[in-house]
Amino acid sequence: MLEIKNLHVKLEEEDKVILRGVDLKIGPGEVHAIMGPNGSGKSTLSYVLSGRDGYEVTEGSATLDGQELLEMEPEERAAAGLFLAFQYPVEIPGVGNMTFLRTAVNAQRKARGEEELSAGDFLKIVREKAKTLKIDAEMLKRPVNVGFSGGEKKRNEILQMAMLEPRMCILDETDSGLDVDAMKLVSDGVNALRDGKRSFLVITHYQRLLDHIKPDVVHIMAGGRIVRTGGPDLALEVEQNGYADILNEVG
Amino acid sequence: MALPKAKEDALAARLAALPAVEGKGWLAAARSEALARLSAMGLPGRRDEYWRYTDPASLNAPEAPVARRFDASDEAAPFDGIDRVRLVFVDGVFDAAASDDPALAGVTIERLAEAGRRDIHWAQGLYGVLEARGQTPVARPFAALNTGFASDGVLIHVTGRAAKPVSLVYVHEAETSDAILHHCVKLDPGAELTLLENGPAAARFSKVLEVEVAEGARFHHIRLQGRDHERRAVTHIFARLGAGAEFRSFTLTANGRLTRNEAVVELAGAEARAHVAGAAVGDGDFHHDDTVFITHAAEACESRQVFKKVLMNGAVGVFQGKILVKPGAQKTDGYQISQSLLLDEDSQFLAKPELEIYADDVKCSHGSTSGAIDETALFYLQSRGVPRRTAQALLVLAFLAEAIDEVADETIAEDIRARLERWLARHGSRG
């Protein structure tokens, strides 16, 4: 599914190297977690994969089912099946949430040569999916993320994911700013999308999200590299001992 | 006070090039009074406070600068599907053959020239009257020139609820046409009218619209200024509102080398409401100026000014908006917002918001901003699969939404959105 090879990235504006050779391979249906201290490059990895401006790839590659992602526009990556749930979902005043969702769904369908959804069909699907995420009609009518609480914003991200049905989902600190109940709701939403084929990359500081979204593989990232890879136990180890031991160990 | 020699010469040259207007009686008297006003103030110059941001040279010039016609047949004419009384003007001259029969229940429509030949006419109390009132405290020389030299226009008297809108269609034919039109609209108490205007009108177009909205009457005005790139226009709306009256005006301007739209509104009766809004989009050689003056002269009135501009490739936008709250105009609710979206670094927005308040129990707010398109929002949309250009159009329309929301008729608002979408697709913002 997703294969990252020796990825080196620096900031475009300044001479600051952030990723120093990331290697990562995620198979179909797998859930991988990336943990790591602040500044280790976790969020940068998600931004570079989704095509945000401001980063320069100096070496390496990232492919989705063999297609090189790094040469595509962000919208092409989305159409290819990549989805990033933002750590800080963006507010867009003046654009209704429903218009936004429909424009996105139909743009992707068009890019893939599929027929656009009719207004009626779309409404039916979105209402159904919104219901399971406890997103009410009012939230769908409001401008995208404007005036949403932290939890509402994250649920809205998951709703977009559910509507767009990507094959590869990246969740960037989806647990940040969530209380226990909201985290459960969001996790249930994510778990409902696990179908044995769809893959996930869950970026998080804390182990607690991984109690809800159970990973197959856990990676520890530090200094722009993946320094350790293990099973779910690795997350527990971090929770108990912090990152210091692991970082000392790998030097 | 005598004018400086240079100003006197400029005015003399301008007046010499204007065709003589026939007539006697009340209209001739109103014209000569206007000429006297104009002679006292002269034509505007860059040093005049309200002309600092807009160069009046091409409006002062005796001859209209050449403006080629623009073929706008790639989209349906504005208001096409709407049942309305169409009155067509070609280069500023009424075209009876192309117009509808002006018979409309509750409404009397006459041509200015014909009414001017009568001894007594209701328009005596309106033609040039609101314009003259609007000359203080800010001089508006082009409005006085218009009153003095307008040879055509319509006088609309609304006595009831008009069954359909009156639609003024302005066709531009000759490349050097220099049109001057002056319309008056008088709404009796409780009367209602929607006035539609569209079209480029002429190479250079001067228009004054005077509107008296009596107690409880409602006047809605929607204007689309035409897509000619090279046209120039200086327009004025003077409105006076009685108690509980409603006045709403929206203007869409896409293209045009120079547009100066002035609106002067006096809220003279309690609980009157005036909304003046505009959306302007310009690419390249485009200069658009909204100059608005709203006077709260009575209690508990509401005014809103909502102006949005999208500018690219060196286009220039100007906003000069004032709210004056007179002594005693308590419980005033005044709102003013002027914003521009600059799609590149070559474009420019100049704003001068003003509040002058002489009452102590008022609510007035104003805001003016200019900025680039939100790159973060753009990326967010793209990351969801929306192509960059579609995403940009979506954000631009979102930016303009507050102005378009001032159009009460949802069919027309939807048509305006569609026109803007097509404009954006044609001009494909950079980046």
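At an R0 of 41 angstrom, the distance between the Cβ atoms of A:GLU128 and A:GLU59 translates into a FRET efficiency of 0.40. Segment A:130-185 and segment B:129-156 have Cα centres lying 57 Å from one another. Were the residues from B:ALA372 through B:VAL66 laid out at 0.36 nm apart, the gain over their Cα-Cα distance would be 106.8 nm. Interface residues of segment A:57-79, defined as those losing at least 50 Å² of solvent-accessible heavy-atom surface relative to the isolated chain (probe radius 1.4 Å), are listed as A:GLU75.
In this assembly, the A-B interface accounts for approximately 1800 Å² of buried accessible surface in total, computed with a 1.4 Å probe and without ligands, DNA or RNA. What is the percent carbon and sulfur in the accessible area of segment A:138-248, measuring with a 1.4 Å probe over the protein chains and ignoring ligands? Heavy-atom surface of segment A:138-248 belonging to carbon and sulfur, 1.4 Å probe: 49 percent.
With a 1.4 Å probe rolled over the protein heavy atoms of all chains, the accessible area of A:ARG194, B:ARG68, B:ARG248, B:ARG14 falls in the order B:ARG68, A:ARG194, B:ARG248, B:ARG14, largest first.
For segment A:103-190, the residue among A:PHE148, A:VAL186, A:ASN106 whose Cα projects farthest onto the positive side of the dipole built from Cβ charges is A:ASN106. For chain B, the relative contact order works out to 10 percent when only alpha carbon pairs closer than 8 Å and six or more residues apart are counted. The calculated 222 nm mean residue ellipticity attributable to helices in the protein assembly as shown amounts to -8500 deg cm²/dmol, summing -39500 (n - 2.57) over DSSP H runs of n ≥ 4 and dividing by all residues.
What whole-number value in Å² describes the accessible area per residue of segment A:174-251 for a 1.4 Å probe? For segment A:174-251, the solvent-accessible area averages 48 Å² per residue. Of all beta bridges that DSSP places with both ends in the protein assembly as shown, some 20 percent have antiparallel geometry. Taking all protein chains together, B:CYS184, B:CYS364 sort by accessible area into B:CYS364, B:CYS184, largest first [probe 1.4 Å]. Under a model in which nothing but the beta-carbon of Lys, Arg (+1) and Asp, Glu (-1) is charged, the protein assembly as shown shows a dipole of about 740 debye around its Cα centre. Comparing each chain alone with all protein chains together (probe 1.4 Å, DNA, RNA and ligands left out), the residues of segment B:368-384 losing at least 20 Å² of accessible area are B:THR376, B:ALA377, B:PHE379, B:TYR380, B:LEU381, B:GLN382, B:SER383, B:ARG384.
Pairs exceeding 26 Å between alpha-carbon atoms, taken from A:LYS153/B:LYS309; A:LYS16/A:LYS153; B:LYS24/B:LYS207; A:LYS124/A:LYS153: A:LYS153/B:LYS309; A:LYS16/A:LYS153. Annotation for B:GLU33 and A:ARG208: the two label points, set 7 Å from Cα along the Cα-Cβ direction, are 7.7 nm apart. Reported to the nearest whole Å, the Cα centre-to-centre distance from segment B:353-431 to segment B:256-287 is 16. Taking a point 7 Å out from the Cα of A:SER149 in the direction of its Cβ, the residues of segment A:175-190 whose backbone N falls within less than 18 Å of it are A:175-189. When the Gaussian network model of chain B links Cα atoms closer than 10 Å, the mean-square fluctuations of B:ALA202, B:ALA13, B:ALA243 top out at B:ALA13. Using the 1.4 Å probe convention, the accessible area of segment B:5-374 works out to 36 Å² per residue with neighbouring protein chains retained. In terms of accessible area, using a 1.4 Å probe and ignoring ligands and nucleic acids, A:TYR88, A:TYR47, B:TYR380 rank largest first as A:TYR88, A:TYR47, B:TYR380. Of all complete DSSP H helices in chain B, those with a Cα span along the helix axis of 18 Å or greater and a mean Kyte-Doolittle hydropathy of 0.0 or more are B:25-41, B:388-404. Only protein heavy atoms count here; under a 1.4 Å probe, B:LYS7 has an accessible surface of about 50 Å².
Using the Cβ of B:SER32 as centre and a radius below 15 Å, the other residues enclosed give a net charge of 0, where K and R count +1 and D and E count -1. Solvent-accessible area of A:GLU165, all protein chains in place: 110 Å² (probe radius 1.4 Å, heavy atoms, ligands and nucleic acids excluded). By accessible area, using a 1.4 Å probe on protein heavy atoms only, segment B:173-235 has 43% of its surface on carbon and sulfur.
The values are calculated or read from the model by the stated rules, or taken from the named source; none is laboratory data. These numbers come from a predicted model, not from an experiment. Here the Cβ is made from the backbone with ideal geometry for all residues, glycine too, and neighbour counts use every protein chain on show. Side chains are part of the model used for accessible areas, which takes the heavy atoms of the whole protein and leaves out ligands, DNA and RNA. Shrake-Rupley method; radii C 1.70, N 1.55, O 1.52, S 1.80 Å.
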